[in-house]
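Some notes on the structure that comes next.
The values are calculated or read from the model by the stated rules, or taken from the named source; none is laboratory data. Not measured: the values here are computed from a predicted model. For neighbour counting, all protein chains shown are included, and Cβ atoms are generated from backbone atoms with ideal geometry for every residue, glycine included.
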Amino acid sequence: MQRPEAGKIERLDPLWPAQITVAVAILLGLALPDKLTIGPGWLLPACEGALLLALVVTAPSPQMRDHPLRRYFRMGLTGLVSAVNLVSLLLLVHYLVSRGHTPPRPLLLGGIVLWVTAILLFSVWYWELDRGGPIERRLRGEDPPDFLFPQMGDAAEWAPRGWEPRFGDYLYLAFTNATAFSPTDTMPLTQTAKLLMAAQAFASLTTIALVVARAVNILGN
């Protein structure tokens, strides 16, 4: 299979949307209440900043040779940021359930921030996971997919010739999974994809349930 030119791959699946997504996650992390952060308040934004730097620095060269170690490094940082975000979610659960002296409104804001941040992070996860990442999807398009998009199945006749998922498709996948708590139009095919979607759905369900319950409690008082 002939290797596409760098410019062609950049046009088909640009890398900057993922970088912008992580930058937005950094801004959201700055809005988290101190009680929902482990250690200093700058820790989560700093981890997200490291991920953003990794996405920029480890971007493939013009020869489009994306070394596996660079991809594993990006995924490792994504996992680290996700773990820090999970700790913040556990702290949110603790404070909302304990109903201590913590003001409830900052916690509700923190819950919304964590929910949106999780959507952004999981969109990066899905984008990086599917068929070896954005570059490998172009270089070895015949690899089995991790996600089955409608344009690859029954709706293929309505898609442009040679359609391939871009970052926006993975962002939409993360959003629908966070709101429906299950696959909607895109199905996970591999165990890793299923586990990631299950983890996101569980975290989203927990966050929404607690935030809504607490909001109803505040409005009822």
Selected residue [free of Cβ contacts under 8 Å to residues at least 24 places away in the same chain and surrounded by 17 or more Cβ atoms within 10 Å (Cβ to Cβ)] from Pro165, Pro188, Pro183, Pro160: Pro183
Exactly one of (1) surrounded by 14 or more Cβ atoms within 10 Å (Cβ to Cβ); (2) touching a strand residue (DSSP E or B) at 6+ places or on another chain (Cβ under 9 Å); (3) part of a helix (DSSP H, G or I) is unmet by Leu195. Its number? (1)
Selection from the range 71-92 of residues buried (at least 17 other Cβ atoms within 10 Å of the Cβ) and of a type in the set (Val, Ile, Thr) yields Thr78, Val81, Val84
Flagged in the range 136-175 as more than 25 Å from Ala201 (Cα to Cα), assigned to a loop (DSSP other than H, G, I, E, B) and of a type in the set (Gly, Ala, Ser), in numbering order, are Gly141, Ala159, Gly162
Residue in the range 128-157 that is farthest from the chain's Cα centre (by Cα), counting only those that are exposed (fewer than 15 other Cβ atoms within 10 Å of the Cβ) and either among the charged types (D, E, K, R) or under 23 Å from Ala25 (Cβ atoms) (or both): Glu157
Which numbered condition Val97 fails, given (1) modelled with pLDDT under 80; (2) surrounded by 15 or more Cβ atoms within 10 Å (Cβ to Cβ): (2)
Unmet requirement for Trp125, which otherwise passes all of (1) surrounded by fewer than 17 Cβ atoms within 10 Å (Cβ to Cβ); (2) within 28 Å of Val56 (Cα to Cα); (3) among the hydrophobic types (A, V, I, L, M, F, W, C): (1)
Determine if the range 102-114 includes at least one residue that is part of a helix (DSSP H, G or I), in contact (Cβ under 8 Å) with a residue 40 or more places away in the chain and closer than 20 Å to Tyr170 by Cβ. yes
Take the residues in the range 57-71 that are modelled with pLDDT of 65 or more and within 14 Å of Glu128 (Cα to Cα), then tell me which one is nearest to the chain's Cα centre (by Cα). Arg71
Given the structure, is Thr184 part of a helix (DSSP H, G or I) and modelled with pLDDT of 80 or more? no
